[in-house]
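Below you'll find the structure, written out as structure tokens, and then a few comments.
The values are calculated or read from the model by the stated rules, or taken from the named source; none is laboratory data. Bear in mind that the values here come from a model prediction, so they are computed numbers and not experimental data. Note that each Cβ is placed from the backbone with ideal geometry, even for glycine, and that neighbours are counted across all protein chains shown. Protein only, heavy atoms only, side chains kept; ligands, DNA and RNA dropped before computing areas. Shrake-Rupley method; radii C 1.70, N 1.55, O 1.52, S 1.80 Å.
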Amino acid sequence: MDEQKPIDPIAQNRQQLTQLLVNKSALKQDIAHETELVFKELKATIKSELEALRVLVPDDRVRLYFKERGEFEIHVYVGSDVLVFSLHQNVFRLPDSNPLWGTGYFQHDERHGYFGVIYVYNFLAESLLQNRLSDSGYLISRIFLNKDKHFFVEGRTQLAALFRDTERQQWNPQICALVVQMCFAYVLSFDLFIPPYELQDEISIYRDWE
């Protein structure tokens, strides 16, 4: 009987590392690529939607334009607001505590639980135009996309309630247009309220006058 060769722990570890690189790293690259394609589609849809709105709203005082800030960020001026669409460069796994792991779609294939993310922030237009660095912006939505372009949305907008069924929802041009329009509608519907007098009865000499 031939003697069994002792297990080489170095070779065994290398094999495990190879599997991780082939499976997990390649998966993340695929998801990152798909999310970049979706982000480019969002840019094109935003441009098209702004052009359509400009025809309907010819008043030049109403802001309807966008600025690209590098390859993965776009600032969309809509009236008195700015929507910032930003593509995150990393791929994330849903935490184990997320209830989506209890659904059949995610239990069937763990890879479904890895997502690229696009963030949507809202700022006042004057905050960016006047470089008011102390002004705050708000995260209104996060769009999560997996390797098959199945997705869900978190956030303040109606999108979060509308797009929750990751298994049955797959990104397409119609959904892209709907996401853009609903983000526009959210910021246009949000009005500033005058703060209480007591909160503004004292001011620093270094504070900008508004």
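Calculate what fraction, in whole %, of the accessible area of segment 129-175 sits on carbon and sulfur atoms when a 1.4 Å probe is rolled over the protein chains.
Values: 1150 of 2800 Å².
Percent of accessible area from carbon and sulfur atoms in segment 129-175: 41.
How far is helix 26-56 tilted, in degrees, relative to the longest principal axis of the Cα atoms in the chain, given as a value from 0 to 90 rounded to the nearest 10?
Taking Cα atoms only, the helix is inclined about 20 degrees.
Given that just one value was derived from the coordinates, which of (1) 128; (2) 337; (3) 211 is volume of the Cα convex hull per residue in Å³?
(3)
Modelling each spin label as a point 7 Å along the Cα-to-Cβ direction, I'd like the Asp109/Asp165 distance in nm, to one decimal.
Modelled inter-label distance: 1.9 nm.
Need one number for segment 123-192: average projected area of the convex hull over its C-alpha atoms, nm².
Values: hull surface 22.9 nm².
Orientation-averaged projected area of the Cα hull: 5.7 nm².
Per residue, how many Å² of accessible area does segment 49-196 show with a 1.4 Å probe? Walk me through the intermediate numbers first.
On the way: 8360 Å² over 148 residues.
Here the per-residue accessible area is 57 Å².
Under a point-charge model restricted to the Cβ atoms of Lys and Arg (+1) and Asp and Glu (-1), what is the dipole moment magnitude of segment 39-140 relative to its Cα centre, in debye to the nearest 20?
Computed about the Cα centre, the dipole is about 140 debye.
So what's the net charge close to Arg111: Lys and Arg +1, Asp and Glu -1, counting the other residues with Cβ under 14 Å from its Cβ?
Values: positive: Lys24, Lys28, Arg93, Lys147, Lys149; negative: Asp30, Glu34, Asp109, Glu110, Asp148, Glu167.
Combined, the nearby Lys, Arg, Asp and Glu give -1.
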